[in-house]
Structure formats: C-alpha cells, structure tokens
1. When the solvent-accessible surface of protein heavy atoms is calculated with a 1.4 angstrom probe, in what order do Glu140, Glu404 fall, highest first?
2. Using 7 Å Cα-to-Cβ label points, what is the Cys247/Arg372 separation (nm, one decimal)?
3. Applying 1/(1 + (r/R0)^6) with R0 = 60 Å to the Cβ-Cβ distance of Leu258 and Asp461, what FRET efficiency is obtained, to the nearest 0.05?
4. Within the set of other residues whose C-beta is less than 12 Å from the C-beta of Ala86, count the net charge using Lys and Arg as +1 and Asp and Glu as -1.
5. Given labels modelled 7 Å from the Cα in the Cβ direction, how far is it in nm from Leu83 to His441?
6. At R0 = 30 Å, how high is the FRET efficiency between Trp63 and Ala626 if r is their beta carbon distance? Nearest 0.05 is fine.
7. Provide the packing ranking of 586-598, 85-97, i.e. peptides ordered by the mean count of other C-beta atoms within 10 Å per residue, highest first.
8. How would Tyr241, Tyr28 line up by accessible area, probe 1.4 Å, largest first?
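The values are calculated or read from the model by the stated rules, or taken from the named source; none is laboratory data. Just so it is clear, the structure is predicted and the values come from calculations on it, not from any experiment. With ideal geometry, Cβ positions are generated from the backbone for all residues, glycine too; neighbour counts draw on all protein chains shown. Accessible surface is based on the protein model in full, side chains and every heavy atom, while ligands, DNA and RNA are left aside. Shrake-Rupley method; radii C 1.70, N 1.55, O 1.52, S 1.80 Å.
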Amino acid sequence: MFRIDEEDRPLLLTGLTLAGMLVAAIAYWGLPDGFAWIGHAALLVVFAAGGVPAATRALTALWKEGELDIDLLMVIAAVAAALVGAAFEGGVLLALFSLSTTLEERAMGRARRAIESLMELRPDTALRRTPAGTEEVALEELVPGDVVVLRPGARVPVDGEILEGEGEIDESTITGEAVPVMKSAGDPVFEATVNQNGVLAVRVDRPLAESTVARMIALVTEAQAARAPSEQFSSWFGQRYTIFVLCFSSLAFLGFLLLDNGWHDALYRAATLLVAASPCAIVISVPAAILSALSASARGGVLFKGGAALETLASVSSFAFDKTGTLTTGRQELTGLRCEGDENVFLARLAGIEAQSEHPVADAIRRAASERGVTPIEMREARAVPGEGIIALDGEGVVWAGNERLAKRMAEHAVPMECPAFLAALRDTPRTLVLMGRGAHVHGVATVEDRPRASARPGLDALRARGITQLAMVTGDRAAVAERVGAELGIARDAIHADLRPQDKVDIVARLAEGNRVAFVGDGVNDAAALARADVGIAMGAAGSEVALQAADVALLSDDLRRLAAAHRLAQRAARIIRQNLIFATGAMVTLVLAGLFFHLPLPLAVIGHEGGTVLVVLNGLRLLADPIRLAQDRVAADAPDGPAFAADRHV
C-alpha cells in the first residue's frame, strides 16, 4: 500500500495547493464562463490542501497549549476573503502561505540535519582483539578495557588510547581541523575520526553512551532547546501580538463599516489588514539565524550550549585565560630535581604520589621516572587539593606534593615551614615548582616547564584585531612562570595574575566583568568555578575535559585558540543578521499595515509582501550555514602531539 512519509507530507500538500492555484488561475483568466466550475473545484482543492492543515495546526495549538497560532490568522483571512466573493484572493493567500511554511520547515530542517548527521558518523561495527585474533562486533558490545584494531581508512569506533602503531588521524569531524594529526602509542583518539594510514590497536576508554559524539549530540540538543533572550522575546511577542492583530482587525472592520465602505468591502479590507499585520517574519527572524549559527559553529569545532551563549559572546569585550593546558600546551617536561639524599628515591616517591593524578605536571613526572627506569613507590588514600596538589600515605606516613600553598597548609599545625637552600634558590626561576615533603619539612623540589601553544599568539592577535583590548591571564602558577609565558604571548604585565587559588580566579573574573562582558577560557577542574562565573565560559579541548565541559557555555573541540576569534566573529555576524531581519520584518509589516489602513491595498499584494518577507528573513538567516568557522589550513606543528586537553588543573 502506498504510504506518505510524515516528512514529505507538507511538501505533497504544498504541491497540491500550488497545482490547484495554477488550475484556478487558468480557469479564471483563460477559459470561457461555462468552465467556471473548473476554477471553483480547483479553489476547493486549494482551500482543502492549504487551509485544512493550517487550521488543524492552529486549533491543536489553541486546544492543547492555549496559544493563538499565526496559522489561525491566515485561515481567518482566507475564509473572510471567500465570504465576500474574493475566494481567488483567499486561495492565493493559502497557496503562498503553504509554500512559505514548507520552505521555512525545509530550510530550518536543513540546519537541524547538519547536527543530526553526527549520528551517522559512527561505524556500526568494530574489530575487537581476542586471544584467537579479532572478531567483528557491534559497537554496543564494546566495554572499557577492550582493544579494537583499526585498519587504514577505518573510522574510529570509540574514544580510547592508542596502544600500538602510529599513523595520521583525520579529526575534522570532531575538531573542524582539516589537516590530519600524527598519532602514536599513548595518544588519545576520538570516536568518528578516521584512521588515514597504519594499523592501530586502541584501548576503549569510554562506553558508547559517554563518547565524544554522544556528548556532542547531547550538547547540540541542549543548545536547540535553550532559547536565546531574543528568541524568548520573539516568541513572547508573537503570542501577544497575534491577539492584538485579531482585535485590531476586528476594530478596523467596524471602522470601515462606519465609514460606509459596505459590508463586503469592509470585510475584505479587514482581511487584508489581518494578513499585513501578521508577525510571521518577526517571529521567525531570530530562530532562523540562531539555529543556522549553532549548526555552522558545530561544523567548525565550536559547540554553543544555546542561543543565549551565542548572543552573549557577540557582546564580549574582555577575555581571561587560564595558563596551563589553555595558553600553554599542557605538555610539561621535567627540567630538574633538587632534593635531600638520593634523586632516584625522591623521584620514586614523587612519581608514586603523582600516579594518582591526571594533571600534565603529574604526567611529566611519571614520564621522567619511566625514562630513568625508576619504579614509583606505591601510595594509598590519595586525596587531591584543587589548585594546590595531592596528599597521600606511604609506609612512613603522610606525604604530600604540590605548590608552596600546599606546603604552607601542611605546616599550619606544625613548626614553621622549613625552607631548604635549594628551594630559596629556585624561587625566581621561570619554571613550575613541585615540592614534596612531610608535614612542615620539604624534602625536595622538581622543576617542570611547558611552552605556549603555537596557536596561542596568533589566536590572541586575532582577538586583538577584532577589537578585544582586554586580555588577561589567570593562573595558580608562580609569577615568574606566568610572566615568562605572558611576555611570549604579548600579554601586558598588569594583566597577568599569578599564585591564584580557584576562588581567586573567580574574584578576578568578577572584577573584569564590572562594566563589560567577559569570557573565561579554561580546561580543567581548577577552572570550573571561573567558567561558571564568567558571562561566557569557554572550555578548551572539550573532547576530553569533562568537568570544564559541564561548567562552560561554549566548548572548543580543538585546542586551536584561533577558533576563539572565529567564533566571536560568527556570533557578531549572527547578531547583525538578527538585527537586519527584525528591522526588515518590522518595516515591511508597518508599510503594509499603513497601506491597508489608508489605501485600498489588494489582498494578493498584502499576501506577497507578507509571505515574501517571511521567506526572505529565513533565507537571510540561513546565510550563516555557509559561514562555518574557517581557519588557515596549516596544522600548527607544536600543537600536533597535544590532541584535545585532558588536564584537570590541580597544581596550577
């Protein structure tokens, strides 16, 4: 049996309406009077195919939600035209209204499908390694700890870590970066990216429901449901204005009668006013632009959690940045050890403590221990102190590792903190210090260092070029380290804030927000409060940073800081298009209403002006779909090993 797909039904009804209108026009102008019945039958088809669905939608909205839908205005106007003998004009109204509604739905559906297509990025099966070789299994059967084998050209089925092999991974589906990234053992890979060459063995790290694509889909679904302030106003205005239009048209009808226009003429002119004053174009102006911008930004590797974040970013004039893992690569390297006694024993104990952490500093210390062949000493009951360090127990009692704030905390209930000569000598070094000790006694210190991202300076320069004059760095690291990084990035010395606790970052963001909108860019646990406090919180490398992703309003799936300026430009362009749409829609409506009040505006002309204006604002908003966040396609070599950041800021 022939069945009509629900998605294709509006298209079929619109086609039927237009065909009926064409036949009615031919009968009206091209056939003898004896064939008038053909025109009447065609108009009946137009009213049935174009009017009944609109009336059904309107009555459903009125009955279930208590809302007066704009569809109701169009149906009333068409029926009024038919009652005064202008059924042809009423048919023109329904035909154009049906066409514009279908075009809007198809166009807006295109924006939604750009996101829904993320589901199609997933492969259906994966090759799981078994003791006997490999077996093909459905993705739903994979669990963390499984090892999957990726052949050249295969799409990565899960989030995981490469155990064996090396090759280039095309991450454009996730990060928007067109140039493949070289990956090897130890590097993370993300679902829906493509293995270009080489054979890779990948350990599954996350179940399917918590994967990168699953989180992207959840984010975009949340974004589409979360309305921007202008969208909320547009909806609020549309509801109340629809009631106003009905009352206004009724009063106009009475006014025309009092002016001796005659019943037919008065009803015709009132119907014309009903069409002219309908707010379709105004109501659709904002969501058309917002949804298009959200889709375009997602294709460029930037996810907004809703239209409100998009609108707010457009008005941001200050940016504050965390340092470690945001402005810097987060790829720390151990540069030196100073300690009492044997260095290897000190490093073994320090690596044992840091084995409990995923922070970049901890990773640097573990790598150094592995390279030196030092086995970490086993620790238990490890406890992180955000922004300071970590405390654990070994065979001799409580031991800690972290910055000087943690050292002072551990000395609070003991004798004053002992400051060895080697620590005093390192206080002015432009490197991060990791102290280790027991109680008030410092046993040694490790120096680690990372470098600014190669995209950091171009990214900040791009923001400056867009008129952002206030760029600040906030970090828990020491002033000497922060000033070294800030100097390399061109950040003014008075805009560098160091030695901060998480609450201090919140206070500085609050100060920056006085008098202007501020965005905070961070990547870890230590940044969550500041991300939430800022007008716009932006999470870096969100393909791997769970806590930052939850606290932020915007997620950069790539670590390329140049995307900030691109996202800011897109947000401002969306704001301009919204203003253009609202000005045009309001101007067109006022012009049509004045013409209907003081002149004899033909109903077909009012219909063309109303429906044409609605389609134009939708198409103007959809221009943003062709404006994804684009960057120079050269991959920054220094960022290549990074991948999306996994750092949870603890030391700094």
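1. Working: Glu140 140, Glu404 40 Å².
These residues rank, largest area first, as Glu140, Glu404.
2. In this crude spin-label approximation the distance works out to 8.1 nm.
3. Working: r = 68 Å, r/R0 = 1.13.
Once rounded, the FRET efficiency stands at 0.35.
4. Details: positive: Arg269; negative: Glu89, Asp265.
It works out to a net charge of -1.
5. Here the modelled spin labels are 9.7 nm apart.
6. Working: r = 40 Å, r/R0 = 1.32.
The calculated FRET efficiency here is 0.15.
7. Values: 586-598: 16.8, 85-97: 24.6.
So the peptides 586-598, 85-97, ranked by packing, come out 85-97, 586-598.
8. Tyr28, Tyr241
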